[in-house]
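The values are calculated or read from the model by the stated rules, or taken from the named source; none is laboratory data. Keep in mind that what you see is a predicted model, and the values were worked out from it rather than measured. Cβ sites come from the backbone with ideal geometry, for glycine too, and all protein chains shown count toward neighbours.
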Amino acid sequence: MMALIVAEDLAKSYGRVRAVDGLSVRLDEGSVTGLIGPNGAGKTTTIKMILGLLKPDKGSVRVFDEDPWDNSRIRSMVGVVHEKAFFPSHYKTLDYLEKVCRIFGVPESRAAEVLRLVDLQDASDREIRALSAGMLQKFAIAHALVHSPRLMVADEMTANLDPQARSSLLDLILRLYKDERMTFLLSSHILPELSRVCDSVAIINEGKVLASGKLPELYDKYAAGMIRISTDKPDELSAEVGRLPYVERVDSDVRGISVRIQRESEDRLYEDAPRLAKKVEARIQGIETGSASLEELYRLVVGGNKRG
Amino acid sequence: MAKAKGRPFLEILASALNEDYRFPILEAFAFLYALGTFALANLSTMMSQTSATGEVAAYNLTTSLLGIPLFIFLILIFKNIAYGLGSDIEKGVIQTLFSYPLKRRSILSAKLLSALGFSLVLFFSIQVSALYIIAPGIVMPYLGTVLLTYAASLSFPLFVAGLILLVTLVLRRGGIALVAGIMLYFAMSIVQGLLSFVAYATKSILGLQIISVLSPNVALGTYYGILESSPLGQPWTPGFTEVLGYVGASYAIVVLVFLLGYAYFTRRMNL
């Protein structure tokens, strides 16, 4: 499979702050890869280096096997959505997209098409400056799709969108991925969204890639031995389960707890969990083996890295 | 669909023109140029007719028409480069432009062609029209003198424009670049004025020669003897070839400053 992005040992500092430190990542054609990490992890800096907007202090980045710095050729193959999108604000949305069509040498009718794709057809004669934050984000996505790029790089693409618009956008990503074999690199810290569309992830923290690869492989590697217990009192049950000698880690959320156990301790937890639930008067709604969300996977990777 | 060669550049240029000269900016500056040019026309014609003839008259006439329009030209450049380009960098519009299939140098060229080139076209069309209307008898036979006067007078504003470009690229803030540009211009003008005065007062030929490298109009004016009757006198009269050398040197500096801007924008500017 062809690698569309290959970054090796990237490093970038802003003054004394090291934003990216020895980061390596590879993006294969035909994948939807999530670049996940907390705010300040180095996602935007990494994306800017990939797009040729920032020069790495160290390391190399190749996009379509070329250096992206000031490379006009690869821009015809890459669509970009920045975290904060800005356009010449006095243009009307359709007029500006028609201009972009002319820049990329595609028929101007594509402008109306992409506006429809992001559900902005009713705002076609509205000036860009009159768009709301959410509409501007949709417009940025339409703008990135004008030339039907082979690779879409998006930094916090769903920021400013309401839940319905987010859901529609994720559907659009899946459609473009399946129907047009478009490759995506999506950076976000909203993990449930990424888990819906990504088949690969690169988990970064403090400027380093902690883990990367296909999601099933990462689950096998990091989330084996995970048991999910759904309960109405996750905090109380979590405290009790955490005291069990064979339990390595417990994370709770509003709907239950995720438990990582030592090998061959599964039966013991199945016995102990109902007893402990009774003790704290919690109701167990279900126990599931080998199940972890992307969020849990992320916590396991980041937590494991910190312990290591 | 085949992509027309040069089309992306023209689209970015059209967009830059649209931003730089949106209504009523073009109309306002055209009016100011015309006002500045024609408001001085009668006075200059009178001066050139009464006190000089030939090349000197052509030089006097051209110089007297230049004063206010040159200042307006600088204001327009401050607005377009410092505020326009600076705001594009500050707000992130330039990142959007960098997603198009264009080299960075083409994007900067489009921006500068709009900011500087179009302003120069506007400036010259009004100036040349004024000269031709006011005194065709003086201008036409001495077209070379007129053009040389323009070349000598414009190099300093273009040098300032180049510095403003550098300041804008480094500061990346429209408002701050605008203020810094204005301060820089006035500081340079004051320093140049003081140095000229000191050079004339002390009859320092070297001082005048150094000033002429940045502002060859000093050498050209001296060549035409504009200070012969002044109280300070005229310690230095350069030859015509020497004047051409100063004009050439000043434009070499202008080109160098702009090349520095291009080099920074294309090779080093991180966004």
Practice problem: Scan segment B:231-255 residue by residue and report those that are crowded, with 16+ Cβ neighbours inside 10 Å and not in a helix (DSSP H, G or I). | Solution: B:GLN234, B:PRO235, B:TRP236, B:PRO238
Practice problem: Taking the options B:PHE258, B:PHE265, name whichever one is surrounded by 15 or more Cβ atoms within 10 Å (Cβ to Cβ) and within 14 Å of chain A (Cβ to nearest Cβ). | Solution: B:PHE265
Practice problem: Determine if segment B:144-152 includes at least one residue that is in a helix (DSSP H, G or I) and over 17 Å from the mean Cα position of the chain (by Cα). | Solution: yes
Quiz item: Counting only residues that are among the polar types (S, T, N, Q) and at pLDDT below 90, how many does segment B:135-156 have?
Solution: 0
Quiz item: Is it fair to say A:PRO163 is in the same structural domain as A:ILE50 (by TED's automatic domain parsing) and crowded, with 16+ Cβ neighbours inside 10 Å?
Solution: no
Quiz item: Hey, among A:ARG228, A:ARG181, A:ARG249, A:ARG243, which residue is in contact (Cβ under 8 Å) with a residue 60 or more places away in the chain and assigned by TED's automatic domain parsing to the domain that holds A:GLU264?
Solution: A:ARG228
Practice problem: Please indicate, with yes or no, whether at least one residue in segment A:262-282 is more than 26 Å from A:ALA41 (Cβ to Cβ), small (Gly, Ala, Ser), assigned to a strand (DSSP E or B) and modelled with pLDDT under 90. | Solution: no
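Residue-by-condition table, conditions (1) among the acidic types (Asp, Glu); (2) closer than 21 Å to B:ALA152 by Cβ:
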{"position": "B:VAL191", "(1), (2)": "no, yes"}
{"position": "B:THR202", "(1), (2)": "no, no"}
{"position": "B:GLY221", "(1), (2)": "no, yes"}
{"position": "B:TYR224", "(1), (2)": "no, yes"}
{"position": "B:GLN234", "(1), (2)": "no, yes"}
{"position": "B:GLY239", "(1), (2)": "no, yes"}
{"position": "B:GLU242", "(1), (2)": "yes, yes"}
Exercise. Check whether at least one residue in segment A:210-230 is touching a Lys or Arg at 6+ places or on another chain (Cβ under 7 Å) and within 24 Å of A:ILE190 (Cα to Cα), and report yes or no.
Key: yes
Quiz item: How many residues are over 21 Å from B:LEU97 (Cβ atoms), assigned to a helix (DSSP H, G or I) and of a type outside the set (Asp, Glu) if we restrict to segment A:115-132?
Solution: 5
Practice problem: Scan segment A:1-32 for residues that are closer than 17 Å to A:PRO68 by Cβ and among the polar types (S, T, N, Q) and report the count. | Solution: 1
Quiz item: Of everything in segment B:93-142 that's small (Gly, Ala, Ser) and free of Cβ contacts under 8 Å to residues at least 12 places away in the same chain, which residue is surrounded by the fewest Cβ atoms within 10 Å (Cβ to Cβ)?
Solution: B:GLY137
Quiz item: Can you spot a residue in segment A:196-209 that is under 30 Å from A:CYS101 (Cα atoms) and touching a residue at least 60 places away in the same chain (Cβ under 8 Å)?
Solution: yes
Quiz item: Does any residue of segment A:70-86 turn out to be touching a helix residue (DSSP H, G or I) at 6+ places or on another chain (Cβ under 6 Å) and on the phi > 0 side of the Ramachandran plot?
Solution: yes
Quiz item: So, in segment B:73-104, of the ones that are among the basic types (Lys, Arg) and in a helix (DSSP H, G or I), which residue ends up farthest from the other protein chains (Cβ to nearest Cβ)?
Solution: B:LYS79
